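**Q** Sharing a structure below in structure tokens format, with a few things to ask.
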Amino acid sequence: MTLATFPASEPKPSWTRYFSFNTDAKVIGIQYIVLAFFFFLIGGLLAMIIRGELITPEADLVDRTVYNGIYTMHGTVMLFLFIFPVLNGLNNLLIPTMIGAPDMAFPRLNAVAFWLVPIFGVLLMSSFFVPGGPAYSGWWSYPPVSIQNPLGHLISGQGLWLTAVALSGVSSIMGAVNFVTTIIRMRAPGMGWFRMPVFCWTALAAQSLQLIGLPSLTGGAIMLLMDLVAGTTFYDPAGGGDPVLYQHFFWFYSHPAVYVIILPVFGIFSELFPVYARKPLFGYVYVALASFIIVGLGLIVWVHHMFPSGVAEWMRNLFMFTTMLIAVPTGVKVFAWLGTLWRGKLRLTTPMLFCLGGLFNFVFAGITGIMLATVPIDLHVSNTYFVVGHFHYVIYGAAVMGIFAGIYHWFPKFIGRMPYEGLGKLHFLLTFVGANLNFLPMHPLGLMGMPRRVSSYDPEFAFWNVLASLGAFLLGVSIIPFLLNMVSSWVRGPKATHNPWNAIGLEWLLPSPPAEDNFGEHVPVVISRPYGYGLGKPLVEHQAEIEQALALAEQQEAAR
Amino acid sequence: MTTAYPAPNAEPQHVEGHEKHNLTGFIIFLCSESVIFLAFFSGYALLKTSALDWLPPGVEGLEWQMPLINSVVLVSSSGTIYLAERAMAKGNIWGFRAFWLLTMALGSYFLYGQAVEWSGLQFGFTSGTFGGTFYLLTGFHGLHVATGVGLMTLMLIKSFIPGNYNGGEQGVQATSLFWHFVDVIWIILFVLIYVWQRS
Ligand code: HEM
Ligand SMILES: [Cu+2]
């Protein structure tokens with residue numbers, strides 16, 4: 001073994017790098033996450049307006065057309081400007097460090113992909129200020145509503161919406177090419193496929209879905225744009241077109257998109273449960289492979305969003321069947337997590353609480369999901385609040401909570417300071433209670449027949465709506481301890497050691513924060529599977545020496 | 001401050017593999033790109049099979065002679081680009097340039113043929129779904145041909161920079177892959193649009 005001298009912490013780089021065209025994946029990762037939370041606040045503000053409107057049966061807070069624009073923008077902002085960017089941020093931070101790569105395969109492309117996000121973000125926001133207001137056809141943007149341009153201006157909210165979504169697609173494809181190439185080609189020596197952390201498996205699966213699915217939406221959106229501005233009739237029955245065709249294009253991507261969102265969150269669960277239960281991940285190989293079974297099945301279920309859209313009977317039955325099949329690989333994962341927790345020494349830290357809460361919500365959403373896959377039930381509740389309740393359980397209850405778990409867990413690694421536990425636990429409590437109070441009442445509402453996308457409703461629905469709105473305001477409050485925590489611990493939180501949670505993984509063999517090129521040329525050789533908790537086997541060659549060197553550097557740093 | 005840090009792998013890890021990333025990334029991108037065409041093709045087939053009257057009034061159908069010549073041109077250009085790549089692999093840089101230029105000429109001829117065909121048609125982009133899909137498919141494909149010719153021009157210029165192409169060049173491989181891709185797409189498109197006329 002050779003001993004190399006290696007700077008433990010470089011001179012502190014200036015904070016201005018976060019506002020520049022920087023090609024370091026760790027800087028880009030943080031740029032993505034911070035920007036995403038900026039848009040989370042905007043999307044959340046819109047959600048507060050929605051729930052404020054719905055606290056009374058009458059349409060009294062905003063005008064009806066304004067309401068249409070607000071829920072459309074809420075959905076669009078949350079998906080394209082919050083959740084995808086925040087996940088790409090985590091990918092940027094975690095993929096290179098977890099596989100021991102110095103950076104992404106294409107650092108400049110990576111930076112370009114990031115900088116497209118603020119550009120289309122501004123573009124989308126500007127649609128609030130054009131005549132006619134923002135797009136109002138829902139985040140699906142179904143024709144015929146989406147191909148109407150009543151004011152006749154060249155620049156319309158709908159046109160801006162389409163341009164923004166197209167740019168978001170370009171950015172996502174750039175990101176996906178980069179992530180997939182990096183994972184395939186830049187893993188540390190010794191890291192075969194079945195020694196790769198599950199987060200990387202799920203990222204690979206999710207990004208493959210982007211690559212296969214997104215072009216379908218792009219193609220469909222190009223045709224929509226042509227109908228809107230050039231006068232073609234692809235989706236206009238008056239000219240021989242077919243509006244249902246757009247629905248196929250849209251859902252061929254947008255169903256997989258929900259797996260693009262939830263798969264990395266499965267990855268976070270799979271990383272964190274072993275750490276905080278001090279046990280190896282139960283059924284690692286099956287958990288890893290199940291990601292790709294989900295990819296395969298996830299591509300052949302999209303028609304379940306179109307059961308009421310006049311599709312053939314055989315299609316309904318076929319897609320009901322494939323949709324239910326997805327429960328199998330998903331169930332494999334859920335049982336693997338439960339098996340991991342079983343008889344573990346649970347440490348209820350903030351990240352672990354968010355994981356447990358997220359898993360609970362996910363199981364609930366899975367049950368309502370199977371209900372929705374059943375054609376007769378879906379025909380009954382489609383386009384009601386039951387659907388809104390279901391997908392918010394997935395997206396807020398499971399995905400956003402999983403993302404919070406990941407942020408608390410890896411914050412010390414990439415910021416170099418510890419987040420505060422007390423504020424974290426308060427954040428968890430408010431989020432968990434708020435989310436359930438907000439989204440649970442939507443299920444009875446939907447079963448009773450309250451449609452989605454309306455600003456006024458029958459007084460008989462009032463009780464559950466008041467509850468939901470209270471939950472929403474609680475969620476609004478929940479973000480305050482989170483932001484306080486992030487800002488104050490970033491500025492003056494206690495210094496983090498290289499491995500504060502006692503976790504196993506390449507990223508925990510780097511100083512906190514890591515040097516710009518991570519391991520540089522001294523990439524450790526991986527010699528065993530991840531998650532060897534309690535097994536006493538080292539993950540890499542010379543693990544003890546590496547850890548000693550890191551601890552020594554930390555002592556010297558503390559002594560200064 | 002520096003710390004003694006164990007370096008189990010004194011040899012640099014990523015040096016040799018690094019050059020190959022570009023091609024890997026490009027192949028992944030092409031796979032993704034093919035799905036857009038898949039979307040357009042399936043949309044075309046769906047609209048066509050479900051149409052009541054597919055052809056706009058006054059239009060009899062499409063002439064296939066000229067597009068057939070165009071097809072022959074494009075398919076043979078896949079052969080010439082292969083020869084160019086082979087010459088490059090053998091270190092014959094002038095052979096590479098010659099066949100590369102020939103491929104560019106064939107590609108440009110194809111674009112010319114496409115333009116001539118378009119200008120002689122009696123229907124436009126907004127003539128129902130027939131016109132819409134026709135111009136969408138041929139236009140989107142033509143855009144790819146133009147991109148291919150552009151990429152080839154770039155590679156040709158780069159080949160004159162000394163020392164650039166000594167050990168083969170990934171840009172050349174990528175461009176040629178792209179060209180074969182554009183070619184295969186055209187064959188499918190030709191069958192769907194010109195061969196399959198009766199619905
Ligand atoms: C702050 C917490 C949130 C609240 C209170 C909330 C509330 C709502 C409500 C009430 C609707 C239905 C509007 C209607 O149909 O009239 C809605 C729609 C929607 N929400 Fe949320 N939401 C929240 C967070 C999120 C998040 C985090 C995401 C995604 C990452 C999201 C994505 C969506 C989408 C895609 C729609 C559908 C929009 C449409 O109908 O076109 N929401 N939300
Ligand atoms: Cu779906």
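The values are calculated or read from the model by the stated rules, or taken from the named source; none is laboratory data. Remember, it's a predicted structure, so these values are computed and weren't measured experimentally. Note that each Cβ is placed from the backbone with ideal geometry, even for glycine, and that neighbours are counted across all protein chains shown. For the accessible areas, the whole protein counts, side chains as well, though only heavy atoms, and no ligand, DNA or RNA atoms are used. Shrake-Rupley method; radii C 1.70, N 1.55, O 1.52, S 1.80 Å.
**Q** Output the number of residues of region A:60-101 satisfying the condition of being more than 11 Å from ligand 1 (Cβ to nearest atom), of a type in the set (Gly, Ala, Ser) and more than 16 Å from A:GLY402 (Cβ to Cβ).
**A** So the answer is 2.
To keep it simple, each residue is scored yes or no on (1) part of a loop (DSSP other than H, G, I, E, B); (2) open to solvent by less than 70 Å² (accessible area, probe 1.4 Å); (3) out of contact with any Pro (no Cβ under 9 Å at 6 or more places or on another chain); (4) touching a residue at least 40 places away in the same chain (Cβ under 8 Å).
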{"site": "B:LEU23", "(1), (2), (3), (4)": "no, yes, yes, yes"}
{"site": "B:PHE26", "(1), (2), (3), (4)": "no, yes, yes, yes"}
{"site": "B:PHE41", "(1), (2), (3), (4)": "no, yes, yes, yes"}
{"site": "B:PRO57", "(1), (2), (3), (4)": "yes, no, yes, no"}
{"site": "B:LEU62", "(1), (2), (3), (4)": "yes, yes, yes, yes"}
{"site": "B:SER77", "(1), (2), (3), (4)": "no, yes, yes, yes"}
{"site": "B:ALA84", "(1), (2), (3), (4)": "no, yes, yes, yes"}
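**Q** Taking into account only those residues within region A:150-198 that are assigned to a loop (DSSP other than H, G, I, E, B), among the small types (Gly, Ala, Ser) and on the phi < 0 side of the Ramachandran plot, which is surrounded by the most Cβ atoms within 10 Å (Cβ to Cβ)? Explain how you work it out, then say what you get.
**A** Taking region A:150-198 first, the residues assigned to a loop (DSSP other than H, G, I, E, B) are A:150-156, A:186-192, A:196-197.
Now restrict to residues that are among the small types (Gly, Ala, Ser): A:152, A:156, A:188, A:190, A:192.
Of the ones still in play, those that are also on the phi < 0 side of the Ramachandran plot are A:156, A:188, A:192.
Values: A:SER156: 23, A:ALA188: 21, A:GLY192: 9.
Filtering first and then ranking leaves A:SER156.
Yes/no per residue for (1) more than 24 Å from the chain's Cα centre (by Cα); (2) not assigned by TED's automatic domain parsing to the domain that holds A:PRO102:
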residue	(1), (2)
A:MET191	yes, no
A:GLN207	no, yes
A:ILE222	yes, yes
A:THR233	yes, yes
A:ILE261	no, yes
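**Q** Quick one: count up the residues across region A:534-558 that are out of contact with any Leu (no Cβ under 8 Å at 6 or more places or on another chain) and either crowded, with 20+ Cβ neighbours inside 10 Å or within 11 Å of another protein chain (Cβ to nearest Cβ) (or both). Outline the logic, then answer.
**A** Taking region A:534-558 first, the residues out of contact with any Leu (no Cβ under 8 Å at 6 or more places or on another chain) are A:534-538, A:541-542, A:544-545, A:548-549, A:551-558.
Cutting the leftovers down to either crowded, with 20+ Cβ neighbours inside 10 Å or within 11 Å of another protein chain (Cβ to nearest Cβ) (or both) gives us A:541-542, A:544-545, A:548-549, A:551-557.
Counting residues in region A:534-558 that are out of contact with any Leu (no Cβ under 8 Å at 6 or more places or on another chain) and either crowded, with 20+ Cβ neighbours inside 10 Å or within 11 Å of another protein chain (Cβ to nearest Cβ) (or both) gives 13.
**Q** I need the full set of residues from region A:290-339 which are within 12 Å of ligand 2 (Cβ to nearest atom), in a loop (DSSP other than H, G, I, E, B) and open to solvent by 20 Å² or more (accessible area, probe 1.4 Å), in order please.
**A** Passing the criteria: A:LEU299, A:ILE300.
**Q** From the list A:VAL260, A:VAL265, exactly one residue is modelled with pLDDT of 95 or more and either open to solvent by 10 Å² or more (accessible area, probe 1.4 Å) or farther than 19 Å from A:ALA503 by Cα (or both). Which is it? Spell out how you get there, then give the answer.
**A** Numbers: A:VAL265 fails: either open to solvent by 10 Å² or more (accessible area, probe 1.4 Å) or farther than 19 Å from A:ALA503 by Cα (or both).
Only one candidate passes the filter, namely A:VAL260.
**Q** Under the condition of being within 13 Å of chain A (Cβ to nearest Cβ) and open to solvent by 20 Å² or more (accessible area, probe 1.4 Å), which residue from region B:120-135 is nearest to the chain's Cα centre (by Cα)?
**A** As a first pass, look at region B:120-135 and keep what is within 13 Å of chain A (Cβ to nearest Cβ): B:123-135.
Those still in the list that are open to solvent by 20 Å² or more (accessible area, probe 1.4 Å) too: B:124-128, B:135.
Working: B:GLY124: 25, B:PHE125: 23, B:THR126: 26, B:SER127: 27, B:GLY128: 28, B:TYR135: 17 Å.
Within region B:120-135, the match that is nearest to the chain's Cα centre (by Cα) is B:TYR135.
**Q** Which of the following residues is in contact with a Ser or Thr (Cβ under 8 Å, 6 or more places away or on another chain) and closer than 30 Å to A:PRO150 by Cα: A:PHE266, A:PHE252, A:PHE282, A:PHE273?
**A** Numbers: A:PHE266 fails: closer than 30 Å to A:PRO150 by Cα; A:PHE282 fails: closer than 30 Å to A:PRO150 by Cα; A:PHE273 fails: closer than 30 Å to A:PRO150 by Cα.
Of A:PHE266, A:PHE252, A:PHE282, A:PHE273, the one residue that is in contact with a Ser or Thr (Cβ under 8 Å, 6 or more places away or on another chain) and closer than 30 Å to A:PRO150 by Cα is A:PHE252.
Residue by residue, here is whether (1) over 30 Å from A:ALA515 (Cβ atoms); (2) touching an Asp or Glu at 6+ places or on another chain (Cβ under 8 Å); (3) in a helix (DSSP H, G or I) holds:
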residue	(1), (2), (3)
A:TYR396	yes, no, yes
A:HIS409	no, yes, yes
A:PRO412	no, no, yes
A:ARG453	yes, no, no
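**Q** I've got another one for you. Within region A:380-395, can one find any residue that is away from ligand 1 (no atom under 16 Å from the Cβ) and open to solvent by 10 Å² or more (accessible area, probe 1.4 Å)? Break it down stepwise before answering.
**A** Taking region A:380-395 and keeping what is away from ligand 1 (no atom under 16 Å from the Cβ), we get A:380.
Those left that are additionally open to solvent by 10 Å² or more (accessible area, probe 1.4 Å): A:380.
So far as region A:380-395 goes, yes, one or more of its residues are away from ligand 1 (no atom under 16 Å from the Cβ) and open to solvent by 10 Å² or more (accessible area, probe 1.4 Å).
**Q** Something else: Yes or no: region A:358-380 includes at least one residue that is assigned to a helix (DSSP H, G or I) and more than 24 Å from A:PRO444 (Cβ to Cβ). Break it down into steps so the answer makes sense when it comes.
**A** Step one: filter region A:358-380 for residues assigned to a helix (DSSP H, G or I), giving A:358-373, A:375-380.
Checking which are more than 24 Å from A:PRO444 (Cβ to Cβ) leaves us with none.
The answer is no; no qualifying residue exists.
**Q** Assuming A:ALA59 fulfils every condition listed in (1) under 18 Å from the mean Cα position of the chain (by Cα); (2) at pLDDT below 95 apart from one, which condition is it?
**A** (1)
Yes/no per residue for (1) open to solvent by less than 20 Å² (accessible area, probe 1.4 Å); (2) away from ligand 2 (no atom under 16 Å from the Cβ); (3) over 20 Å from B:THR49 (Cα atoms); (4) not polar (S, T, N, Q):
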residue: A:THR202; (1), (2), (3), (4): yes, yes, yes, no
residue: A:GLY213; (1), (2), (3), (4): yes, no, yes, yes
residue: A:LEU217; (1), (2), (3), (4): yes, no, yes, yes
residue: A:VAL229; (1), (2), (3), (4): no, yes, yes, yes
residue: A:PRO237; (1), (2), (3), (4): no, yes, no, yes
residue: A:PHE250; (1), (2), (3), (4): yes, no, yes, yes
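**Q** With respect to A:GLY434, is the statement that it is in contact (Cβ under 8 Å) with a residue 60 or more places away in the chain and away from ligand 2 (no atom under 16 Å from the Cβ) true? Quick ask: steps written out before the conclusion?
**A** Numbers: in contact (Cβ under 8 Å) with a residue 60 or more places away in the chain: no; away from ligand 2 (no atom under 16 Å from the Cβ): yes.
Judged against the criteria, A:GLY434 is not a match.
**Q** Same structure again: When region A:132-148 is examined, which residues are found to be part of a loop (DSSP other than H, G, I, E, B), touching a residue at least 24 places away in the same chain (Cβ under 8 Å) and either within 14 Å of ligand 1 (Cβ to nearest atom) or open to solvent by 50 Å² or more (accessible area, probe 1.4 Å) (or both)?
**A** So in region A:132-148, the residues part of a loop (DSSP other than H, G, I, E, B) come out as A:132-133, A:135-144, A:148.
Filter again for touching a residue at least 24 places away in the same chain (Cβ under 8 Å), leaving A:132-133, A:135-144.
Result: A:GLY132, A:ALA135, A:TYR136, A:SER137, A:GLY138, A:TRP139, A:TRP140, A:SER141, A:TYR142, A:PRO144.
**Q** Follow-up question, since we're still on this one. Among the candidates A:ILE119, A:ILE147, which residue alone is in contact with a Phe, Trp or Tyr (Cβ under 7 Å, 6 or more places away or on another chain) and either of a type outside the set (Phe, Trp, Tyr) or more than 14 Å from chain B (Cβ to nearest Cβ) (or both)? Explain how you work it out, then say what you get.
**A** On the way: A:ILE119 fails: in contact with a Phe, Trp or Tyr (Cβ under 7 Å, 6 or more places away or on another chain).
Every option except A:ILE147 fails the conditions.
**Q** Among the residues of region A:504-533 satisfying the criterion of being aliphatic (A, V, I, L, M) and not in a loop (DSSP other than H, G, I, E, B), which is farthest from the other protein chains (Cβ to nearest Cβ)?
**A** Taking region A:504-533 and keeping what is aliphatic (A, V, I, L, M), we get A:504, A:506, A:509-510, A:515, A:523, A:525-527.
After this cut, where a residue has to be not in a loop (DSSP other than H, G, I, E, B) as well, the list is A:506, A:509, A:526.
Working: A:LEU506: 13, A:LEU509: 10, A:VAL526: 11 Å.
Among those that are aliphatic (A, V, I, L, M) and not in a loop (DSSP other than H, G, I, E, B), it is A:LEU506.
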